Structures are given as structure tokens and as C-alpha cells.
Amino acid sequence: MEKSYALITGASQGIGLAIAHELAARGVSLLLVALPDVHLEQSCAELKRKYPHIDVQALPADLTREEDIRAVAERCYREQWRLRYLINNASMGFTGPYESYSYEFYEKVLHLNVMATARLTRLLLPLLRDHTPAYILNMASMAAYFQMPYKVLYSSSKAFVYHFSLALREELRGSGVSVTVVCPGGVLTNPDVRRTIERLGRLGAAFSLEPQQVARSAVRAMLQGKSEHVPGFWVAMYARLRHLFPKGWIRRALGWVFRRKFAEKTYKRA
Ligand SMILES: NC(=O)c1ccc[n+]([C@@H]2O[C@H](COP(=O)([O-])OP(=O)(O)OC[C@H]3O[C@@H](n4cnc5c(N)ncnc54)[C@H](OP(=O)(O)O)[C@@H]3O)[C@@H](O)[C@H]2O)c1
């Protein structure tokens, strides 16, 4: 039987790597996209060792660069990979007062969190349409549901991913390509995220999951063709409860929590 492929961005670490393991265990071959560094090489070697029956390819790329995105897509067409899964997962997360990060940093964030998802999806959609049933999984965040002070550009970029996914899903109804958006709460991945979750104390601990838990339930939701998925029982409950409160209250409450937890002087300009 011909191999089916999943292209996963941000696949060298964290949730992206955990999703790679989930799909590999289901016999799906992998196209791992991440920055060209040692993490990508190590993760690729680890997956090849653990799942010798599938094909694993590393596609090093800086997804903030348009030319790298085009090169990734062109390679997929050239190699005639049977692409059935597109996982738009890579993004940059950060916390701090809006003015503590530079204009240049924000441009990179928008290129990675917003443009890379829109561009890759546009470039690879014809290939997915050729290999239906096919699936797109876009990694948003609980932050997509809120207007978050101290995470201003991050939460706004995730709101883009959320709306983009659900609108495209509707447009693709009946095409054989299903779109799922995943909105996790805190996930214990890179040291920055771990530090932020620790700073939030008991609140952070109650709402955080391991990347493997998120990957397992996200892949399941994608294969079930769900539109939207929040991993973790308590996080999902919290996400539902948000409808009970006025948005202005939630904004102020979030501002209060972050203002107390993150003294402005602890942030350096990026
Ligand atoms: N962790 C959380 O608490 C949390 C919560 C909600 C949503 N999410 C979302 O889940 C997704 C994954 O988060 P994570 O915490 O697992 O991330 P992570 O551990 O920081 O890993 C980020 C991945 O993205 C890659 N990457 C970073 N910049 C890139 C670029 N310019 N071009 C290509 N690849 C790049 C990294 O590659 P290198 O290894 O080469 O740097 C790495 O593979 C993100 O969309 C995030 O917003 C995370």
C-alpha cells in the first residue's frame, strides 16, 4: 500500500513532536518541519529508530520566511508525497507588556503564527484534495477565546487561527478535507512556558497538561472530523463557562492576574 504522509510544523519539540509520535504509531509517514537545528535532527533520528516501517523526512525551514514556505511546498509536489494530514503547529508564544517587545519581534510573530498557517494551507490544499479523506489540524490556544492583556499579540494571532480554521472548514464541507482547530490551555513544553505556568501557581497547575496528552486527544479529534477541540476535562469546562461571564469582566480579571504575577520590570526588550 502507498504511504500516507503528514506534514507537521514545529515538529522538533513539544506538542508538534508528540503529534509526530501519535501519527507514526498509526503508520503515517512524516514530514517534519522546524528550524534547521539539532532538535530537528535528533527528533528525526529518534522517530526513524522507533518507527522503522514509516518514512520520516526532515524539512528544515524558517517559517517566518516566505521563500522557505514555498520551498517546503514545492518539495512536497516534486516528491509526489501522498499528503493526507497538514498540522499547522509552529508558533511563537510569549508573555509581557505590549511595549516590552520590539516591532521586529512582532513582525516575526505575525509571520510565523498567522502568515505561515495561511500560506502553507493555501499552497498545500490542492495536494490534500488529491488524497482525500484528508485532514488539517491547526493549533490555536485557549488564548484564542479571550482578549488577553500581557499576551496581546499572541492571543490576537491565535484568534486569527481559530476563525481561519472554522471558516475554511465550512468552505471545504463536502470536499473530503476536514479542518479541526485545537485550543489547549497550558502545556508543559519549553522552559519559558513551564516558567509561566509555575508563576501562575495552583491556577497554572490545574489547567496544564503534558504534550503527549494534548497530542493524543488532538489527533483523535482530528480523525473524528471535529471542528474544535479543547484537550483536558477541566480546561474544556473552563472554556465552556466563559460564555456565562461578560467579556469585559474576563478581560479585567485576566489583566489583574497577569499584572500581579508579572512585574513589568522583569521583562527585557526583545
Ligand atoms: N505550550 C503551551 O502551553 C501551549 C498552549 C496553547 C497552545 N500552544 C500552541 O501549541 C503549539 C506548539 O507549542 P509548543 O509549546 O509545543 O512549542 P515549542 O515546544 O516551543 O516548539 C516550537 C516548535 O516550533 C518550531 N519553530 C519555532 N520557530 C520556528 C520557525 N520560525 N520556523 C519553523 N519552525 C519553528 C520549533 O523548532 P526548533 O526546535 O527548531 O526551535 C519547535 O519545533 C503552538 O502553536 C502554541 O501556540 C501551546
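The values are calculated or read from the model by the stated rules, or taken from the named source; none is laboratory data. None of the values given here were measured: they were computed from a predicted structure. Ideal geometry is used to build each Cβ from the backbone, glycine not excepted, and the neighbour counts take in all protein chains shown. Quick note on the areas: whole protein, heavy atoms, side chains included, nothing else; ligands and nucleic acids left out. Shrake-Rupley method; radii C 1.70, N 1.55, O 1.52, S 1.80 Å.
What the table below lists for this structure:
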| quantity | calculated |
| --- | --- |
| Pick from region 66-97, criterion part of a helix (DSSP H, G or I) and of a type outside the set (A, V, I, L, M, F, W, C), ranking: most open to solvent (accessible area, probe 1.4 Å) | ARG78 |
| Which listed residue, of ARG202, ARG169, is at pLDDT 95 or above, open to solvent by 30 Å² or more (accessible area, probe 1.4 Å) and more than 11 Å from the ligand (Cβ to nearest atom) | ARG169 |
| Selected residue (criterion: nearest to the ligand (Cβ to nearest atom)) from residues of region 173-194 that are assigned to a strand (DSSP E or B) and touching a His at 6+ places or on another chain (Cβ under 8 Å) | VAL182 |
| Members of region 16-50 found to be touching an Asp or Glu at 6+ places or on another chain (Cβ under 9 Å), near the ligand (Cβ under 9 Å from one of its atoms) and of a type in the set (Gly, Ala, Ser), listed by number | ALA18 |
| Which listed residue is part of a helix (DSSP H, G or I), within 16 Å of THR9 (Cα to Cα), in contact (Cβ under 8 Å) with a residue 40 or more places away in the chain and more than 15 Å from the chain's Cα centre (by Cα), from LEU110, LEU124, LEU120 | LEU124 |
| Lone qualifier among ALA215, ALA253 - being open to solvent by 40 Å² or more (accessible area, probe 1.4 Å) and under 17 Å from MET142 (Cα atoms) | ALA253 |
| Residue within region 98-107 that is open to solvent by less than 20 Å² (accessible area, probe 1.4 Å), at pLDDT below 95 and more than 12 Å from the ligand (Cβ to nearest atom) present | yes |
| Among (1) open to solvent by less than 30 Å² (accessible area, probe 1.4 Å); (2) near the ligand (Cβ under 7 Å from one of its atoms); (3) under 15 Å from the mean Cα position of the chain (by Cα), the one test that GLN13 misses | (1) |
| Filtered residues of region 24-53 (kept if in a strand (DSSP E or B), within 21 Å of GLN80 (Cβ to Cβ) and not hydroxyl-bearing (Ser, Thr, Tyr)) | LEU30, LEU31, LEU32, VAL33 |
| Members of region 112-157 that are among the charged types (D, E, K, R) and more than 15 Å from the ligand (Cβ to nearest atom) | ARG122, ARG129, ASP130 |
